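Encoded as structure tokens, the structure appears first; notes follow it.
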Amino acid sequence: FLLKRVSGRLEYSREGVFLKSMEGDVQNEGRQSHGEIDAFFGVGNAKKRINLNIPNFNITKKLMKMIPDGEKVWNDYKPEGNIDLTIKYESNEDKSVADYSAQAICNGIKVRHPSFPYDISNVIGLLKMDGEKIYLQNMSGYLQNGARTNLVTFDGIVNIKSKEKRFAISIPNLELTEEIITSIPKKGEEIWSQNKPTGQVDLTIEYTGYEDSSKDEYIVTAD
């Protein structure tokens, strides 16, 4: 991402280059956010330490392509909105990664699951990523179901290497519709055609996904 109007302190020594309290406007597909960075680049760039903080950074395809499976998430879930992005990275002399973490605080973003008929808006919560896993913590948003609005809460974990993912989703006081029933994996069409249930339910979904999607597992509970 292009940086404009950069200010801060640049220091050189025999060890390498230090960036101290650097600030600038990060350009991201027509929008800009004011970011901060502290970093060290060793001689030959073998050793690095980077702390990056960009509040109100807009979610774009360019940003999503930088994370594992991010382009698939962009295509499937179509996220929109802003996040507070923090990245910490450190490498050793042999260029191996010594430490890496990233987190994004969601500031009311919007997403849509490819197999669910309604958008989930005003999503808040924390996404964290290390070198192995992505964590969704204390996530919540609102589902617009006709004239009704339902609170949705969810947590999850994604293993970057094995592609296994686990999610727990809760939607209390959900008004049943044909679109919702038929979106239930594998059984929805059958349930609707035979029973056509209506009314309200407290819906919970436990989902385990695998790289081979034919092995995916679901537990759907409606009280």
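Selection over segment 130-159 of residues that are of a type in the set (A, V, I, L, M, F, W, C), part of a strand (DSSP E or B) and open to solvent by 40 Å² or more (accessible area, probe 1.4 Å) gives a count of 2.
Filter segment 56-99 down to the residues that are within 18 Å of His34 (Cβ to Cβ) and either part of a strand (DSSP E or B) or out of contact with any strand residue (DSSP E or B) (no Cβ under 6 Å at 6 or more places or on another chain) (or both) and list them by number. Asn56, Phe57, Asn58, Ile59, Leu63, Asn82, Ile83, Asp84, Leu85, Thr86, Ile87, listed by residue number.
What number of residues within segment 176-223 are closer than 18 Å to Asp155 by Cα, open to solvent by 90 Å² or more (accessible area, probe 1.4 Å) and either without any contact (Cβ under 8 Å) to a residue 24 or more places away in the chain or among the aromatic types (Phe, Trp, Tyr) (or both)?
Initially, segment 176-223 is screened for residues closer than 18 Å to Asp155 by Cα, giving 202-210, 216-221.
Applying the additional criterion that residues be open to solvent by 90 Å² or more (accessible area, probe 1.4 Å) yields 206, 217-219.
Now drop any that are not either without any contact (Cβ under 8 Å) to a residue 24 or more places away in the chain or among the aromatic types (Phe, Trp, Tyr) (or both), which leaves 217-219.
Summing the residues that are closer than 18 Å to Asp155 by Cα, open to solvent by 90 Å² or more (accessible area, probe 1.4 Å) and either without any contact (Cβ under 8 Å) to a residue 24 or more places away in the chain or among the aromatic types (Phe, Trp, Tyr) (or both) in segment 176-223 gives 3.
Scanning segment 100-129 for residues that are open to solvent by less than 50 Å² (accessible area, probe 1.4 Å) and either in a loop (DSSP other than H, G, I, E, B) or of a type in the set (Phe, Trp, Tyr) (or both) returns Phe116, Pro117, Tyr118. Selection of segment 77-127 for residues being more than 25 Å from Tyr142 (Cα to Cα) and among the small types (Gly, Ala, Ser) yields Ser91, Ser96, Ala98, Ser101, Ala102. The residue of segment 9-48 that is least open to solvent (accessible area, probe 1.4 Å), among those that are polar (S, T, N, Q) and more than 16 Å from Ile87 (Cβ to Cβ), is Gln27.
Looking only at segment 72-99, filter to residues that are open to solvent by 60 Å² or more (accessible area, probe 1.4 Å) and touching a Ser or Thr at 6+ places or on another chain (Cβ under 7 Å); which one of those is farthest from Asp130 (Cα to Cα)? Here the answer is Val97. Checking the structure you have, find out if any residue of segment 84-100 is of a type in the set (Ser, Thr, Tyr), touching a residue at least 24 places away in the same chain (Cβ under 8 Å) and closer than 27 Å to Asn145 by Cα. So far as segment 84-100 goes, no, none of its residues is of a type in the set (Ser, Thr, Tyr), touching a residue at least 24 places away in the same chain (Cβ under 8 Å) and closer than 27 Å to Asn145 by Cα.
The values are calculated or read from the model by the stated rules, or taken from the named source; none is laboratory data. Since we're looking at a predicted model, the values are computed, not measured. Cβ sites come from the backbone with ideal geometry, for glycine too, and all protein chains shown count toward neighbours. Surface areas here come from the heavy atoms of the whole protein model, side chains and all, with no ligands, DNA or RNA. Shrake-Rupley method; radii C 1.70, N 1.55, O 1.52, S 1.80 Å.
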